[in-house]
Amino acid sequence: MNYRTLIGVILFLLGVVLLLYYSYIIKPERNANELVREAKLTFERGDKNSINQAVNILTKTIAKYPKSNAAVEAYYYIGRCYEKQGLNRLAYLKYNYILKNNSKNLTKELKKDLLVRFAHLNILKQYSDEAVNQLFTLLNHSVNKEFRSRIYSELGHIFLKTGKYKKARKMFEIAITEKGNNEDAILGKARANKRMGYEKKAYDLYEYFLEYFGAISQYTKDVKKAYQEQAYRSGLTAFRKGRYYDAISFFNRVLKNFPNYKRTENSLYWIGESYYAMKKFDTAISYFNRTLTNSFYHKDHDAQIKKGYSYFMSKRFDLAAK
């Protein structure tokens with residue numbers, strides 16, 4: 001290869017690199033910034049329709065350019081929009097999400113403003129009849145389904161906080177009817193069901209959320225953490241009350257959805273215990289074996305002993321002795 005050809009190849013490769021850099025870094029960031037600027041101008045008009053329009057533009061920005069720096073600013077302005085609409089809890093959640101997950105990417109000015117707004121909303125976190133009436137008044141002046149869905153969701157959380165679980169669930173159901181992909185309402189309904197003792201219905205909703213929104217939602221991490229702990233505790237509670245089939249169902253949810261969770265081994269062990277309590281010794285032994293052969297070890301000693309008991313109770317004394 002001669003000198004000129006080598007230079008040509010290097011220039012060509014450099015051009016490809018620059019084109020890729022522009023296509024995957026510069027252009028998306030520029031497009032995201034343009035959308036945020038459009039949303040800010042729309043937001044500054046101040047009327048309800050404009051604020052809803054701004055939320056739609058900002059949501060679109062986050063969906064299309066989630067890794068851009070502009071996405072952080074988009075979350076911030078969605079919070080501002082919610083504040084303008086009197087949806088203080090939703091605004092609080094947005095600001096909290098930014099501070100927890102993107103604090104390193106914030107300018108000093110923006111971080112200071114966020115902390116002030118966050119503190120202010122903390123003070124305002126009160127659930128009074130006046131707040132409920134104000135939200136219902138907002139419903140009377142809007143036909144925008146997305147906005148109405150957010151209002152009903154906010155009402156649901158107020159009733160949830162004040163212990164009115166049936167009313168809360170009803171509000172969340174209406175919110176989902178108004179906008180089927182309202183994540184906040186889906187999770188709110190799950191929490192209402194859990195508080196009312198309908199654990200299976202609650203966990204069905206958690207699984208629905210994780211299946212359809214888990215890859216994109218800001219709530220995913222918290223939902224996974226809450227679900228795996230709640231399902232495991234539900235299993236233990238059901239076992240202690242002698243509801244063995246319910247216990248098995250709850251522990252199986254842990255195994256299905258969180259196979260690498262630290263309590264996977266515990267769940268296998270307690271399923272074995274449940275079958276042992278129902279005198280289904282062969283099935284119990286199979287779960288004790290799974291407890292012994294997975295990648296965790298903290299329940300191995302207990303599983304080994306109960307496996308021996310299972311052999312003894314099924315009159316296989318030679319195996320029990322081993």
Segment 274-322: relative contact order from alpha carbon pairs under 8 Å, six or more residues apart, as a whole percent, is 31
For the chain, averaging the sequence separation of alpha carbon pairs under 8 Å that lie six or more residues apart and dividing by its residue count, the contact order in percent is 7
Largest-first ranking of Tyr206, Tyr212 by accessible area, probe 1.4 Å, whole protein assembly kept, is Tyr212, Tyr206
Rounded to one decimal in nm, the spacing of the 7 Å Cα→Cβ label points at Thr293 and Asn96 is 4.4
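What part of the accessible area of segment 34-162, given as a whole %, is carbon or sulfur when the probe is 1.4 angstrom?
On the way: 3420 of 7000 Å².
Reported share for carbon and sulfur atoms: 49 percent.
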Expected unfolding gain across Glu34-Lys280 under the 0.36 nm per residue rule, minus the alpha-carbon gap, is 82.1 nm
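Ignoring ligands, DNA and RNA, what percent of the accessible area of segment 191-322 is carbon or sulfur (1.4 Å)?
Working: 3780 of 7350 Å².
Using a 1.4 Å probe with all protein chains present, segment 191-322 comes out at 51 percent carbon and sulfur.
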P(r) of the chain over all Cα-Cα pairs, 10 Å bins starting at 0, rounded to whole percent, reads 5, 19, 23, 18, 14, 11, 6, 2, 0
In this structure, the FRET efficiency calculated for Tyr198 and Asn49 from their beta-carbon separation, with R0 = 51 Å, to the nearest 0.05, is 0.85
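What percent do you get for the relative contact order of segment 72-192 when only Cα pairs under 8 Å and 6+ apart count? Write down the numbers at each step before the final one.
Numbers: 119 pairs, mean separation 22.6, N = 121.
It rounds to 19 percent for segment 72-192.
The values are calculated or read from the model by the stated rules, or taken from the named source; none is laboratory data. Predicted, not measured: the structure shown is a model, and the values here were computed from it. Note that we place each Cβ from the backbone using ideal geometry, even for glycine, and neighbour counts take in every protein chain shown. Note: accessible area is taken over every heavy atom of the protein model, side chains too, but ligands, DNA and RNA are not part of it. Shrake-Rupley method; radii C 1.70, N 1.55, O 1.52, S 1.80 Å.
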